[in-house]
Amino acid sequence: NHKCMSSCHPGDCAPCSTGLQITTCYCGAVDQSKLLETPRTSCLDPIPVCTNVCGKTLACGTHTCKDVCHPGACKPCTETAREMCRCGLTEQTLPCSELYPNGTSSPTEVLCQTPCNAKRLCGKHRCR
């Protein structure tokens, strides 16, 4: 499954060690030696899961994964967050998955329905 990274050499390639340096379950809480009867010897051997809550920080950077230890990426955050709109007049409560779409680290700009009424760049007229 994995390509040999050694330069041109005689004989067979060395056994694959990709993934064998991983010594814990997916969430990192429990050492594999406590979860497996015999240690993993191949990159194809499954990485064990434990029964602990994953606990990894989600893309929003505020909340943590509440699922049990699992392979792959954590699901999008289902919690809500309060964020001020651009003008600072209103605060909105939005799901973190909407505020931080696709795992972005900075929130999307929140806009309210309040008329802006700020002065335009000309300094004479107001925004409406």
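The values are calculated or read from the model by the stated rules, or taken from the named source; none is laboratory data. In this text the structure is predicted, and so the values were computed from the model without any measurement. Positions of Cβ are backbone-derived with ideal geometry, glycine not excepted, and every protein chain shown enters the neighbour counts. Please note that ligands, DNA and RNA were not included when accessible areas were found on the heavy atoms of the full protein model with its side chains. Shrake-Rupley method; radii C 1.70, N 1.55, O 1.52, S 1.80 Å.
Laid out as a table, the results:
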| quantity | calculated |
| --- | --- |
| Pairs with Cβ under 6 Å, 6+ apart, first in the stretch 13-26 and at positive phi, second modelled with pLDDT of 80 or more and assigned to a loop (DSSP other than H, G, I, E, B) | Gly19/Cys43 |
| Search result, residues across the stretch 38-64 that are without any contact (Cβ under 8 Å) to a residue 24 or more places away in the chain and either farther than 22 Å from Gly19 by Cα or touching a Phe, Trp or Tyr at 6+ places or on another chain (Cβ under 9 Å) (or both) | Pro48, Thr57, Thr64 |
| Given (1) at pLDDT below 80; (2) within 29 Å of His2 (Cα to Cα); (3) not charged (D, E, K, R), number of the condition Asn117 does not satisfy | (2) |
| Candidate set: the stretch 6-61, residues that are assigned to a loop (DSSP other than H, G, I, E, B) and among the basic types (Lys, Arg); chosen: the one farthest from Leu99 (Cα to Cα) | Arg40 |
| Evaluation of Glu109 against (1) open to solvent by 100 Å² or more (accessible area, probe 1.4 Å); (2) touching a Lys or Arg at 6+ places or on another chain (Cβ under 7 Å); (3) modelled with pLDDT of 90 or more (one fails), failing number | (3) |
| Scan of the stretch 76-90 for residues that are open to solvent by less than 90 Å² (accessible area, probe 1.4 Å) and not hydrophobic (A, V, I, L, M, F, W, C), ordered by number | Glu79, Thr80, Glu83, Gly88, Thr90 |
| Test result for Leu89, out of contact with any strand residue (DSSP E or B) (no Cβ under 7 Å at 6 or more places or on another chain), part of a loop (DSSP other than H, G, I, E, B), closer than 30 Å to Asn117 by Cα and hydrophobic (A, V, I, L, M, F, W, C) | yes |
| Of all residues in the stretch 18-35 being under 26 Å from the mean Cα position of the chain (by Cα) and small (Gly, Ala, Ser), the one that is modelled with the lowest pLDDT | Gly19 |
| Residue satisfying all of: in the stretch 92-110; assigned to a loop (DSSP other than H, G, I, E, B) and touching a Cys at 6+ places or on another chain (Cβ under 6 Å); nearest to Gly55 (Cα to Cα) among these | Tyr100 |
| Residue pairs meeting the criteria (Cβ under 6 Å; at least 6 apart or on separate chains; first in contact (Cβ under 8 Å) with a residue 24 or more places away in the chain, in the stretch 69-88; second of a type in the set (Val, Ile, Thr) and open to solvent by less than 90 Å² (accessible area, probe 1.4 Å)) | Cys69/Val49; Glu83/Val110; Cys85/Val110 |
